[in-house]
Amino acid sequence: MELSDKKATLAFSDGSPSVEFPVYKGTVGPDVIDIRKLYGQTDMFTYDPGFMATASCESSITYIDGDKGQLLYRGYPIDQLAQNCNFMEVSYLLLNGELPEAQQKADFEQLITQHTMVQEQMQFFLRGFRADAHPMAILTGLVGGMSAFYHDSTDVANPEHRRISAIRLIAKMPTLVAMAHKHSVGQPLMYPQNDLSYTGNFLRMMFGTPCEDYKVNDVVERALDRIFILHADHEQNASTSTVRLCGSSGTNPYAAIAAGVACLWGPAHGGANEACLNMLEHLQANGGVEKVGEFMEKVKDKSSGVRLMGFGHRVYKNYDPRAKLMQETCKEVLAALGLENDPLFKLAMELERIALEDPYFVERKLYPNVDFYSGIVQRAIGIPTSLFTAIFALARTVGWIAQWDEMLSDPDYKIGRPRQLYTGYTERDIAE
Ligand code: CMC
């Protein structure tokens with residue numbers, strides 16, 4: 001952090017002395033006012049529910065410029081990464097700060113590949129779940145359960161333990177998601193096959209059976225790999241902040257990542273892709289494109305409680321750059337699978353067209369986010385709707401781990417402990 005020449009002064013209307021705070025500069029983006037001494041000097045807290053104006057940490061991993069619609073991983077624009085790299089290279093970049101050289105890439109892929117299998121006992125843990133359990137419920141349990149199966153690497157003060165847990169989590173997440181899927185459809189679990197790519201292997205564990213060979217479709221593999229890249233990190237969003245806060249207590253990485261999975265599940269966050277596809281399907285079943293206008297009126301009517309899922313973002317006040325790439329992938333996959341006339345895609349395009357012209361959306365700067373098209377791609381690939389958020393969790397694991405490791409590597413990190421404005425009863429006695 002670099003100290004700015006500027007200082008911030010906080011003045012009070014009741015004549016109390018004003019207080020000065022240092023201002024720090026990042027490499028790009030808003031400066032921050034360092035208020036760490038505020039409470040000590042004024043006996044007051046800041047109040048910022050939803051963290052609308054609070055930088056909770058210093059980070060050098062991911063940068064978003066919401067007004068420009070820009071997303072950078074370690075400085076590289078997301079579109080360049082999506083067009084030139086695969087998910088393993090992007091994972092290496094997020095973890096290590098630089099894109100890998102050819103040998104580093106090969107070594108990293110081999111390392112991940114060596115850890116794709118999960119402890120055999122985990123399948124008995126899996127079998128304890130009902131077949132109709134939501135995959136995110138299963139995944140939260142399985143990831144948290146990893147701390148019981150891999151307790152040899154849970155010393156978070158040891159960088160080597162942190163590295164091994166990171167590799168294990170990234171490598172095993174596809175296996176766990178595929179296990180959750182196979183459990184729900186009642187098919188035998190598929191072991192990883194390590195001569196396949198990370199994404200090809202996941203596709204085979206999802207859709208292959210022991211009865212016949214599974215051939216990975218290149219277009220599908222590339223599309224899913226791109227979904228992984230686009231979801232890999234997104235700075236201090238709700239689930240990442242959850243991982244950091246949970247991890248700040250010194251808990252083991254599997255517990256911290258399980259907390260992230262649980263947070264991601266919500267419909268305002270990672271659950272939006274599932275909610276978006278459900279919305280499109282519902283609309284399609286109830287009049288389709290013809291009824292889009294009527295539906296949009298409902299969305300704009302606050303009393304209806306209906307939101308256009310896959311639209312709007314806390315940080316992007318412009319087109320989400322991931323949505324553009326996802327729309328491109330959507331077209332490519334539908335064409336490759338002979339689904340050019342997919343009615344849900346047409347419906348989504350029509351909703352987007354109307355929204356981008358409608359003053360309600362324009363004034364509020366509401367644009368499609370990554371989830372608007374990702375559900376259509378996943379559905380075309382054959383991924384069940386209820387598994388969408390688990391795919392998101394799989395991809396985000398590397399971001400969570402990179403952010404968690406960055407926090408723990410900082411010698412000055414502290415347990416996260418927000419304060420509050422208390423508005424309950426003052427002290428009172430129980431009546432005799
Ligand atoms: N449909 C209709 N109105 C909306 C929508 C929407 N999708 N999103 C925001 N608004 C309105 C909202 O009603 C409010 O209007 P007003 O100022 O008149 O009260 C205004 O826009 C600002 O909304 P907000 O809820 O204060 O904004 P926020 O920054 O707190 O919420 C959000 C961001 C993503 C939760 C919200 O836009 C939303 O609920 N979107 C739908 C869910 C969704 O697609 N989420 C995925 C986010 S991207 C994936 C991820 O990173 O997890």
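Only the coordinates and a few stated rules stand behind these numbers; no lab work does. Note that the structure is predicted; figures quoted are calculated from it, not measured. Reconstructed Cβ throughout: ideal geometry from the backbone, glycine too, with neighbour counts over all protein chains shown.
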Please list, short to long, the whole-number percent of alpha-carbon pairs of the range 7-104 in consecutive 10 angstrom bins beginning at zero. 12, 33, 24, 17, 10, 3, 0
Starting from the Cα-Cα distance between ALA148 and SER249, subtract it from 0.36 nm times their residue separation and give me the gain in nm to one decimal. 34.5 nm
Length gain on complete extension for the stretch ILE415 to ALA336, per 0.36 nm per residue less the alpha carbon to alpha carbon distance? 23.5 nm
Positive-pole candidate from ILE391, GLN327, ILE33, dipole of the chain, charges at beta carbon: ILE391
Estimated dipole of the chain in Debye, rounded to 20 [Cβ of Lys and Arg +1, of Asp and Glu -1, Cα centre]: 460
For the range 240-305 and the range 29-101, what is the separation of their Cα centres, given in Å? 22
Counting pairs of alpha carbon atoms under 8 Å apart in space and at least six apart in sequence, what relative contact order in percent does the chain give? 19
Pick out, from MET122, ILE170, GLY338, the residue whose Cα sits farthest towards the positive end of the charge dipole of the chain, with +1 on the Cβ of Lys and Arg and -1 on the Cβ of Asp and Glu. MET122
Can you compute 3J(HN,Hα) from phi for each residue in the range 22-33, using the Karplus curve 6.51 cos²θ - 1.76 cosθ + 1.60 with θ = phi - 60°, rounded to whole Hz and x for Gly and Pro? x, 10, 10, 9, x, 6, 7, x, x, 6, 10, 8
Spin-label pair VAL23/LYS105, simplified geometry with 7 Å Cα→Cβ offset, distance in nm: 4.3
Anything in the chain that counts as a DSSP H helix reaching 15 Å or more along its axis (C-alpha) with Kyte-Doolittle mean of at least 0.0? List them, would you? 135-149, 159-185, 218-231, 253-264, 272-285, 343-357, 371-381, 388-409
With +1 assigned to the C-beta of every Lys and Arg and -1 to the C-beta of every Asp and Glu, and no other charges, what is the dipole magnitude of the range 282-432 about the Cα centre in debye, to the nearest 20? 120
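How much length would be gained if the chain were fully extended between ARG364 and ASP14, taking 0.36 nm per residue of separation minus their Cα-Cα distance, in nm to one decimal?
122.3 nm
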